[in-house]
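The values are calculated or read from the model by the stated rules, or taken from the named source; none is laboratory data. In this text, all values refer to a predicted model and were calculated from it rather than measured experimentally. Cβ: placed from backbone, ideal geometry, glycine included. Neighbour counts: every protein chain shown. Ligands, DNA and RNA are stripped out before the accessible areas are found, and what is left, the full protein with its side chains, is counted by its heavy atoms. Shrake-Rupley method; radii C 1.70, N 1.55, O 1.52, S 1.80 Å.
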Amino acid sequence: MPALKWGLIGASDIAATRVIGAIRSTGGETVGVFSGSAERAREFAASNGLAGATTDLDEILAWDIDAVYISSTNDKHFDQACHALRAGKHVLCEKPLALTADQAQAMVDLAEELGLVLAANHHLPGSPLHAKVRELVDAGAIGTVLSAKIAHAVLLPERLRGWRIGGGTPGSGVILDITCHDASVLNPLLGTPVAVSAVAVNQADWNTGGQDDAAMTVIRYERSGRPPVLAQTHDSFTVGFAGTSLEVHGTAGTIEVLDAMTQDTGGQVLLTTGAGRQSIDVDCSQDLYVIAVQAFTAAVDGTGVPTATGRDGLMALKVAVAAQESALSGRTVHLN
Ligand code: NDP
């Protein structure tokens, strides 16, 4: 698999803490960074060992790069991704892909039309834990799936309490940040999301941005020839001492995944059936962002598919946007 040359769009925390390392560990080259601020671009390039720094999007797209990784704030993803695709670059875009389903659909259509790879950087669908859950469910280990539950309530680190909690940047709030990740896990597992109902609140005394920092959501899934499935998620920026988990309940058993929704490798899969409870072996040694970058690189090479395609990113966003709408209106939102 040939290594890719990457341009980074967004002088972000996630690029610095996770993705630059993941790109380099796959043999990829991080050529330089685009930022809205010249000072931030220079500082980010210096502290992350990048040769290039620019505030001109056309300049970074004119560099000798194959792909861009977009990790700007959520409101910028759509314009920057379309710009990069039109310049002939493959795009690995952070989640949420965009702010509306129409925008994300347009990104997917544009990538398809131009024959370029567009992927969403959802790190969880490629996790060996979640791959194992899909494998067990597909093999009928728990019979017919009836329901699923995700606990994804965490304490937002102080360094990330900026645009995520509001203060005027569009695309903030816990639902676009975390519920979107849950949907990236539930959609490939449960079928087609058809209805979403959510309640969201603002809880933390440090949350001066005004956006919702905790939400509970219920999603109805349908799959032909099967009973409808109910999924429930608890997403929060305000809970400091809970683990994350996924439970999937079926007519013949239950799968529990402990530490299911973290950024770090680890976790445990437990299968309970009439025969008792057993721990299922899963090799969790590989970094989740490395898995995502490797899959993206293989997709560019034509030898694989991204762990979350553009279409997967679109579907995850549809659920998140429906949850936002439902939380605002107090009504269940039905998806086409
Ligand atoms: P950051 O706040 O670190 O960066 C986002 C943007 O904010 C940057 O691109 C930068 O804009 C601007 N910025 C950064 N630092 C400053 C500063 N000190 N002052 C003013 N502006 C600043 O965001 P995150 O890294 O937390 O998130 C970026 C994206 O990645 C989001 O879309 C988020 O949803 C996603 N994400 C995904 C994760 C995953 O696991 N897949 C995990 C975490 C985030 P500029 O480029 O103009 O410099």
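Taking a Cβ cut-off of under 15 Å around residue 240, the surrounding Lys, Arg, Asp and Glu residues balance to a net charge of -3, with basic ones at +1 and acidic ones at -1. The spacing between the range 1-42 and the range 82-127, judged by their C-alpha centroids, is 17 Å. Straight-line cross-link partners of residue 318 among the lysines, defined as a Cα under 16 Å from its Cα and at least 8 positions apart when in the same chain: 95. At a Förster distance of 51 Å, what's the computed FRET efficiency of residue 223 paired with residue 24, Cβ-Cβ distance as r, to 0.05? Given R0 = 51 Å and the Cβ-Cβ separation, E is 0.80.
Ranking of 78, 237 by solvent-accessible surface, largest first: 78, 237 (1.4 Å probe, protein heavy atoms only, all chains present). Considering the dipole of the chain built from charges on the beta carbon (Lys and Arg +1, Asp and Glu -1) around the Cα centre, which of 93, 2, 141 is farthest to its positive end? Farthest towards the positive pole: 141.
Exposure check, 1.4 Å probe, all protein chains in place: residue 43 carries approximately 110 Å² of accessible surface. Take every pair of alpha-carbon atoms less than 8 Å apart whose residues are at least six positions apart; their mean separation over the length of the range 5-122 yields a relative contact order of 23 percent.
For a quick check, take a GNM of the chain with Cα springs below 10 Å and name the residue from 180, 82, 93 with the largest mean-square fluctuation. Per the Cα network of the chain with a 10 Å cutoff, 82 tops the list.
Round to a whole angstrom and tell me the spacing of the C-alpha centers of the range 132-203 and the range 255-289. With the range 132-203 and the range 255-289 each reduced to a Cα centre, they are spaced 18 Å.
For the chain, a Gaussian network of Cα nodes joined below 10 Å ranks 280, 291, 165 by mean-square fluctuation, and the top entry is 280.
Please give me, ordered by residue number, the trypsin sites (Lys or Arg not before Pro) of the range 288-336 that lie in loop per DSSP and have at most 15 other Cβ atoms within 10 Å. The partial results should precede the final answer.
Numbers: sites: 311, 318, 331; in loops: 331.
Answer by residue number: 331.
Counting only Cβ charges, +1 for Lys and Arg and -1 for Asp and Glu, the dipole size of the range 40-158 around its Cα centre is about 500 debye.
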